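This report concerns only the one structure given below.
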Amino acid sequence: MKKKKVLLMGKSGSGKTSMRSIIFSNYIARDTRRLGATIDVEHSNVKFLGNLVLNLWDCGGQEAFMENYFASQRDRIFKNVEVLIYVFDVESRDWEKDLHYYQSCLDAILANSKDARIFCLIHKMDLVPEHQREQIYDERIRELSTRSEPLNIRGFRTSIWDETLYAAWSQIVHCLIPNIRVLESHLDHFCRTCDADEVVLFERTTFLVIANAATIKHQDLHRFEKISNIIKQFNLGCSQSQTRFKSMEIRGSSFTAFIDVLTNNTYAMIVMSDPTIQSAATLLNIAAAKKHFEKLEGAQ
């Protein structure tokens, strides 16, 4: 097992536990309202892709806890960190204090885990009028990038009410998967073997996008995360009726999409637009690929 330590930090009420619960505990957005504030640090080990374990530290953001993290718990909290995810409430009334705690985190990361990747999530963007979102996000990320030097950061705008949450977490998890380039090259070969427009690989529990390969360009840059959200909700509906989602075939006027189990830990979506290719041929290709990808996953 490869265990990767992930710190989830930000002030109290910024939305850390809500997003964690949606991604990893199958909550839907409206149910997160009943979640209470995190007390000190909540640890969880999330099995991901079979042999990868995300050692998630959800750190309570109340001032007393934050001060404690930087004083008596500094080494314990910030040692051996692979990823720091810092969540900012876009409607925070005390941006300077938020920046103070963020920079204290960076100082601790530099001292204890200087190679950690840093992601900044500007969260609750649904509360900002749509015409102002891009400007406000760009201003916040520009300032965070300056304040983070010499460390590099990557920013995302997020909301629990749309696909942006899945987009951010898919990118974060992507950087933790060992030998991801090898997996992507095999997925590309599979895509071309099937004569598919696109093949997308999802983690089986969270439905986060792991990798994709395409032979044509698509206009909708958020299509993966929209599909993640829809299929995950459908899967939850199956669970509530005590059935298990295994596969589906979706036919449109210009395409056919197949969603099927690929390995014990993944689903694949194969999108076809060539009307001369029979469904049976695509299903045979999926069946033939399963053993190959199981072997590849086991070797990682």
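The values are calculated or read from the model by the stated rules, or taken from the named source; none is laboratory data. Being a predicted model, the structure only gives us computed values, none of them experimental. For neighbour counting, all protein chains shown are included, and Cβ atoms are generated from backbone atoms with ideal geometry for every residue, glycine included. SASA here: full protein model, heavy atoms, side chains in, ligands and nucleic acids out. Shrake-Rupley method; radii C 1.70, N 1.55, O 1.52, S 1.80 Å.
Ranking request for peptides 118-128, 62-72: highest mean number of other beta-carbon atoms within 10 Å first, then the rest in descending order.
118-128, 62-72
Multiply the residue separation of Lys2 and Gln103 by 0.36 nm, subtract the distance between their alpha-carbon atoms, and state the gained length in nm to one decimal.
So the chain would gain 33.5 nm between Lys2 and Gln103.
Work through the residues other than Ala214 whose Cβ is under 13 Å from its Cβ and net out their charges, Lys, Arg +1 and Asp, Glu -1.
Taking every other residue near Ala214 into account, the sum is -3.
Let me have the relative contact order for the stretch 151-300, percent, based on Cα pairs under 8 Å that are six or more residues apart.
Once normalised by length, the contact order is 22 percent.
Compute from the Cα atoms of the stretch 2-176 the Rg and the Dmax, the latter being the longest Cα-Cα distance, and quote both in angstrom.
Expressed in Å, the Cα Rg and Dmax of the stretch 2-176 come to 15.2, 44.
What dipole magnitude, in Debye to the nearest 20, does the stretch 125-258 give about its Cα centre under +1 on Lys/Arg Cβ and -1 on Asp/Glu Cβ?
Roughly 380 debye, rounded to the nearest 20.
State to the nearest 20 debye the size of the charge dipole of the stretch 2-176 about its Cα centre, where the only charges are +1 on K and R beta carbons and -1 on D and E beta carbons.
Using Cβ point charges on Lys, Arg, Asp and Glu, the stretch 2-176 gives about 700 debye.
Return a whole-number percent for the relative contact order of the chain, with Cα pairs under 8 Å and 6 or more residues apart as the contact set.
Answer for the chain is 15 percent.
Roughly what angle does helix 130-148 make with the longest principal axis of the chain, taking Cα atoms, 0 to 90 degrees, to the nearest 10?
60 degrees
Would you work out the Kirkwood radius for the stretch 180-299? I mean one over the mean of 1/r across all pairs of different Cα atoms, in Å.
About 14.7 Å for the stretch 180-299.
Considering the zone a paramagnetic label at Cys238 would reach in this model (a point 7 Å from Cα along the Cα-to-Cβ line), which residues of the stretch 248-280 have amide N under 14 Å from it?
248-250, 258-269
In the chain, carbon and sulfur make up what percent of the accessible area (probe 1.4 Å)?
48 percent
Rounded to the nearest 0.05, what FRET efficiency do Glu134 and Arg154 have when you use their Cβ-Cβ distance and R0 = 22 Å?
For Glu134 and Arg154, the calculated efficiency is 0.80.
At what distance in nm do the modelled label points of Ser247 and Arg192 sit from each other, each positioned 7 Å from its Cα along Cα→Cβ?
2.5 nm
How much mean residue ellipticity at 222 nm does the chain get from its helices, if each DSSP H run of length 4 or more adds -39500 (n - 2.57) and you divide by all residues, to the nearest 500 deg cm²/dmol?
-13000 deg cm²/dmol
Which order do Leu144, Leu296 take when ranked by solvent-accessible area (1.4 Å probe, heavy atoms of all protein chains), largest first?
Solvent-accessible surface, decreasing: Leu296, Leu144.
Using per-residue counts of other Cβ atoms within 10 Å, averaged over each peptide, order 278-291, 101-114 from highest down.
With the highest mean Cβ count within 10 Å placed first, the list reads 101-114, 278-291.
Can you give me the accessible area per residue for the stretch 93-230, using a 1.4 Å probe, in Å²?
49 Å²
Can you tell me, using C-alpha contacts under 8 Å and at least 6 residues apart, the relative contact order of the stretch 164-252 as a whole percent?
25 percent
If you scale each eigenvalue of the Cα gyration tensor by 5 and take the root, what three semi-axes come out for the chain, rounded to whole angstrom and sorted largest first?
36, 21, 18
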